[in-house]
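Chemist: My questions all concern the structure below.
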């Protein structure tokens with residue numbers, strides 16, 4: 001049976017779990033070592049699969065990298081969905097992103113943004129996938145902000161889409177500063193300041 005969206009054979013439950021394990025392991029290896037520094041052998045070892053299993057799901061490194069881009073985007077969007085629209089949405093979102101930066105000390109930067117920095121100029125297909133991931137991320141933020149706006153918790157003349165873009169740009173710039181300075185204070189400062197200015201916490 002074929003998957004109508006991909007024209008590839010639909011995976012069994014066991015196959016889907018194996019593929020997911022490979023992608024999750026690849027995401028960790030690539031985030032740690034970069035796309036150029038991560039090898040399929042590294043991924044095979046990290047995922048605890050055989051070479052034949054790896055190539056069954058991913059015929060080459062490009063296919064695996066594309067799956068990692070989708071995985072990182074899916075993970076980020078899932079984390080952001082509904083957080084901003086909750087009762088204490090802004091504070092909950094702020095706490096979430098700062099806790100994540102503290103947990104990693106911003107090493108490796110943003111899981112999606114770092115891929116953009118590595119691939120945007122050399123791989124048009126990857127760049128398009130990363131751009132789509134950012135669009136989904138911005139939409140998740142905007143959806144939460146729209147709920148807050150409708151509840152009167154944002155300035156009446158504010159635009160949730162514009163605010164989402166601003167927050168996303170703040171995250172990316174703040175994480176880059178934190179990554180190169182090995183200090184998350186620039187990230188915390190950027191997030192707190194932009195929330196104070198545009199939302200009036």
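The numbers here are math on the coordinates, done by the rules we state, and not lab data. What you see is a predicted model, and the numbers here were worked out from it, not measured in a lab. Positions of Cβ are generated from backbone atoms using ideal geometry, with glycine treated the same way; all protein chains shown enter the neighbour counts.
Chemist: Using a Gaussian network for the chain with springs between C-alpha atoms less than 10 Å apart, which of these wobbles most: 151, 183, 161?
Modeler: Highest fluctuation of the listed residues: 151.
Chemist: Among 33, 182, 103, whose mean-square fluctuation peaks in a Gaussian network model of the chain (Cα, cutoff 10 Å)?
Modeler: Looking only at 33, 182, 103, the largest GNM fluctuation is found for 103.
Chemist: Taking neighbour Cβ counts within 10 Å as the exposure measure, how do 153, 44, 14 sort from fewest upward?
Modeler: Lowest count first: 14, 153, 44.
Chemist: Then there is this: Using only helices, what value at 222 nm comes out for the chain when you add -39,500 (n - 2.57) per DSSP H run of length 4 or more and divide by the total residues, to the nearest 500 deg cm²/dmol?
Modeler: After summing the helix terms and dividing by residue count, I get -23500 deg cm²/dmol.
Chemist: Ok, one more. Rounded to the nearest 10 degrees, what's the angle between the helix 13-33 long axis and the longest principal axis of the chain, both from Cα atoms, 0 to 90?
Modeler: Taking the Cα atoms of the chain, the angle to 13-33 is about 70 degrees.
Chemist: What label, among (1) 8, 25, 19, 16, 17, 11, 3, 0; (2) 8, 37, 39, 14, 1, 0; (3) 8, 31, 32, 20, 8, 1, belongs to P(r) over Cα pairs in 10 Å bins from 0, in percent computed from the structure on display?
Modeler: (3)
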